[in-house]
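To start, the structure itself, in C-alpha cells.
The values are calculated or read from the model by the stated rules, or taken from the named source; none is laboratory data. All values derive from a computational prediction rather than experimental measurement. Because the Cβ atoms are built from the backbone with ideal geometry, glycine has one as well, and the counts that use them run over all protein chains shown. Protein only, heavy atoms only, side chains kept; ligands, DNA and RNA dropped before computing areas. Shrake-Rupley method; radii C 1.70, N 1.55, O 1.52, S 1.80 Å.
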Amino acid sequence: MKKIIALVLSLSLIFSLSACKDNKSSPSSLNESSQTTITTAVQESKDDTTKTEKYLDTSLSIDDRVADLLSKMTLEQKAAQMVQAEQTYSNKNDMKKYCFGSVLSGGGSVPNNDNSIANWSSFVDDLQTGCEESKVPIPFLYGIDSVHGHNTVSNAVIFPHNIGIGAANDKELTYKMGEAVANEMKLTKTLWSFSPCIAVSLDPRWGRTYESYSSDTSIVTSLATEFSKGLLDNGVMPTAKHYLADGATTYGTGEKNKLVDRGDAQMTDAELREKYLPPYKALIDAGVKTVMPSFSSFNGVKMHANKYLITDVLKGELGFDGFVISDWEAINSLGGKDLSENVIISTNAGVDMFMQPYQAADVMKSIVNAVENGKITKERVDDAVTRILRVKMEMGLFEDPMQKNTKSKVTELGSDEYRDIAKQLVEKSLVMVKNEGNVLPLKKGTKIFITGPAINDIGVQCGGWSLSWQGKTDSANGRPITKGTTILDGFKEYAKEYGLEIITDEKKASQADVVILGIGEIPYAEFEGDTKDLSITGEKALPGNKKAIELAKSLNKPTVTLILAGRNVLINDYINDWDSVVMCYLPGTEGDGIASVLLNEKPFSGKLPMPWYKSLNNIATDKADVQFQLGYGLTY
Ligand code: GLC
C-alpha cells in the first residue's frame with residue numbers, strides 16, 4: 001500500500017512540476033514510470049518525452065527537425081530568436097522568459113568582470129539553464145570577438161593581427177591558429193566567433209586596416225578560408241565580416257565625424273563582385289554559416305538596408321543558408337524614425353538576427369508588432385528563424401546544450417603548444433624592407449642598445465581588441481595587459497646562446513655596436529584608428545617615438561628600426577637614418593619571435609600584404625607614391 005501511495009505522490013508531484021517547466025515531460029510519459037524516486041522518474045519522463053519531440057530526433061533531417069520546432073513556436077518565441085543581447089544585460093530569468101537567440105560580449109566585456117574560466121563557464125551555464133527551462137527550450141549561442149586569439153580573456157594566446165597573418169601568408173599555420181583559438185574559446189563555452197574580418201583593405205588611413213589580411217583578394221580568400229576551417233573543425237562557428245567592401249570606403253565619407261570607417265564604397269557592381277565577393281563565396285563553401293553586414297554603404301545604400309546585396313546576392317546567388325547577424329547597433333543609423341522602423345527596414349533587407357545589445361526585448365516586440373501590422377511578413381520571420389535554428393542544430397547545440405561533451409583539446413589558456421604556433425606566426429609575419437650593410441642578422445657577441453616605446457610593451461604588441469575594445473599599452477595599464485613576452489624579453493632569452501650584451505641604459509648607449517629602435521602606434525580599434533596623418537610620428541604614434549628616433553640618430557651607429565603598427569605607416573622622413581627596417585605589424589603576446597629572426601634563429605620570409613606608401617599623394621590609387629610594393633620583403 002505504502003509503495004502505491006509513494007508512486008501516486010511522486011507522479012502527482014512530477015505532473016505538477018512538469019506542467020510549469022516545459023512541455024518535455026508530457027503526462028503520457030508518466031504512465032510508464034515505475035516505483036522510482038522523483039528525480040529518476042522526472043529524468044525518465046524527460047528522456048522519454050525528449051525522444052517523442054520530432055525536433056530532437058537526430059535520425060530525422062535537420063530541415064524536418066527545424067520545421068517541427070518552428071511549428072511549435074509562437075511569434076514571440078520566433079522573434080526572440082532574432083535578437084542578441086549583450087552579456088551585461090543578460091541573466092537566467094530573462095533567458096527563461098524570452099529564450100533569446102544569442103548573447104554576446106562586446107569588446108572587452110567580461111561577465112561579472114571576472115576573467116576566470118570558471119566564471120565564464122558558470123555564467124554561460126546559467127544563461128543556458130534559463131533557456132532550457134523556457135517554454136520551448138532552444139539553446140542560445142554566445143558570440144565574441146576572438147579576432148586574433150581569445151583576446152577578451154586573460155592569459156589567452158594573442159596572435160598577430162590579420163595584417164601580420166597576411167604578411168606570413170602561411171596556410172597551414174593559419175589553420176592551426178583557428179584550431180588554437182577555437183579550443184581556447186571552448187574553455188569558456190563561447191562557441192561563436194565574430195571572425196574572420198575578410199575586408200580587402202585599400203586605404204591605410206582606415207582604423208581597421210590591421211583587421212584585414214591584405215589588399216589582395218586572393219590572399220584574403222586563402223587565409224580566411226584556412227582560419228575558418230580551423231575554427232569549424234574544432235566546433236566554433238566563424239562569422240564572415242563585414243559584408244560587403246568594408247575596407248574600400250572612400251576617404252572622407254566616414255559616418256558622422258569619421259574619416260574612413262563606416263563610409264561609402266563607391267564602385268561598379270562588376271568591381272564589387274570581382275574584388276570583394278570571392279572571400280564570401282569561399283567561406284560559404286567552407287561551411288561558414290554567419291555573415292555580418294558592414295556599417296558602411298555601397299554607392300550610398302547602407303549595407304544593413306541593402307536587400308539586393310544581402311537577399312538577392314548573398315542568399316540568392318551565393319546560396320548562403322546560414323543567418324545574417326547585424327553589427328553593434330548598426331541599424332540605428334538606417335534613417336528610420338525609430339527602432340521599430342529600422343528593424344523593419346533591416347529585416348526586410350535580409351538581416352536575420354539583431355545585435356542590439358541593450359534593446360533585445362524592444363527589438364523582439366518590434367518584430368512581433370511589425371508582423372501583426374503586416375510590415376514584416378510571417379514568411380520572412382519564419383525564414384530568419386529557420387536559418388538560426390538550422391545553424392544551432394548543425395552545431396549540435398540541441399544534443400549538448402550545456403556542453404557537457406564539448407571538450408577542448410587544452411585544459412588551460414596559454415598552453416606552450418599554442419604559444420609556439422603564435423610565435424611561428426610572429427616570425428613569419430616580420431617583413432624586412434631595408435638592410436643596408438647587412439646589419440642584420442645580428443652577429444654573435446654583438447652589444448646592442450635597445451630603446452624606444454615599443455620594445456618592452458605587450459599592449460603595444462597586441463594593439464586593439466586585446467583585453468579591451470581599444471586595447472591599452474602596458475604603461476597606461478600600469479602592468480602588462482596579459483601574459484606574454486616582449487621584444488626585450490626575446491633578446492634576453494637568446495642573449496646567452498648568442499653572446500649578446502644588452503644595453504638599455506641610455507648613458508651606456510655609446511658602448512653599443514648596434515642600436516635596436518622599437519617604435520610604433522598606440523593601440524586603437526575601428527574608427528578610433530582612422531587618421532589623416534599616417535606618419536610614424538603622427539597622431540596615432542606612440543608618445544615616445546620622436547624622442548627615441550632622435551636619440552638613435554644622435555648615436556650615429558648602425559640602427560635597426562622595428563615598427564609595431566597596424567598598417568604601413570609613413571616613414572619617408574626617417575628611413576634614410578636607418579640601416580635596417582623591419583615591419584612587425586601587431587605581433588601579439590609572443591614578442592620573442594622578433595629576436596629569433598633578428599638573430600637568424602629563424603629566417604625572414606614575410607612579404608608586404610599591402611603596398612607601403614611614401615606619401616599621402618593619391619594614396620591607395622594607381623597614381624600613388626609607393627615606397628615598397630605589395631609582396632616586397634627581403635631575406636638573409
Ligand atoms: C563592432 C564591430 C564588429 C564586432 C561587433 C561586436 O562594432 O564592427 O566587428 O564584431 O561590434 O563587438
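List the trypsin sites (Lys or Arg not before Pro) in segment 59-97 that DSSP assigns to loop (not H, G, I, E or B) and whose Cβ has at most 15 other Cβ atoms within 10 Å. Which are they? Qualifying residues, ordered by number: K72. The alpha carbons of segment 193-313 occupy a box of 41, 30, 23 Å along the principal axes, longest dimension given first. The calculated FRET efficiency for D420 paired with L318, based on their beta-carbon distance and R0 = 56 Å, is about 0.90. Across segment 192-222, the residues whose backbone nitrogen lies under 17 Å from the label position 7 Å along the beta-carbon direction of E539 are 203-209. When +1 charges are put on Lys and Arg Cβ atoms and -1 charges on Asp and Glu Cβ atoms, the dipole computed for segment 346-397 relative to its Cα centre reaches about 20 debye. If you line up the long axis of helix 360-372 against the longest principal axis of the chain, both from Cα atoms, how many degrees apart are they, to the nearest 10? That helix lies at roughly 60 degrees to the long axis. Placing a label point 7 Å from the Cα of D63 along the Cα-to-Cβ direction, the residues of segment 385-415 with a backbone N closer than 20 Å are 385-396. Taking a label point 7 Å from the Cα of Y636 along the Cα→Cβ vector, which residues of segment 487-512 have an amide N closer than 15 Å to it? Correct set: 494-495, 497-500. Computed in the context of the full set of protein chains, the accessible area of the chain at 1.4 Å probe radius has 50% of its extent on carbon or sulfur.
A DSSP coil position with no more than 14 other Cβ atoms inside 10 Å describes the following trypsin sites (Lys or Arg not before Pro) in segment 516-582: K532. Axis angle, to the nearest 10 degrees, between helix 378-394 and the longest C-alpha principal axis of the chain: 70 degrees. The C-alpha atoms of the chain define a longest principal axis, and helix 117-132 lies at about 30 degrees to it. Candidate cross-link partners of K189 among the lysines, defined by an alpha-carbon separation under 20 Å and a same-chain spacing of 8 or more, comprise K92, K96, K176, K229, K289, K392, K404, K407, K409. Taking a cut-off of 16 Å between Cα atoms, list the lysines near K532, but don't count ones fewer than 8 places away on the same chain. By straight Cα distance, K532 reaches K256, K258, K540, K614. Peptides 209-216, 228-235 ranked from most to least packed by the mean count of surrounding Cβ atoms within 10 Å: 209-216, 228-235. List the pairs from K483/K508; K241/K547; K135/K378; K241/K623; K281/K428 whose alpha-carbon separation is above 32 Å, in the order I gave them. In this structure, K241/K547 lie more than 32 Å apart at Cα.
The chymotrypsin sites (Phe, Trp or Tyr not before Pro) found in segment 369-456 include none that occupy coil by DSSP while having at most 14 further C-beta atoms within 10 Å. Only aspartates and glutamates eight or more places from K607 in sequence, or on another chain, were considered; those with a Cα closer than 15 Å are D170, D216, E427.
Note that the chain presents 37 Å² accessible area per residue, ligands and nucleic acids not counted, probe 1.4 Å.
Modelled label positions at A476 and K443, each set 7 Å beyond Cα in the direction of Cβ, lie 4.1 nm from each other. Using the average count of surrounding beta-carbon atoms within 10 Å as a protection proxy, the listed peptides 402-410, 261-269, 451-459, 595-603 rank, highest first, as 451-459, 595-603, 261-269, 402-410.
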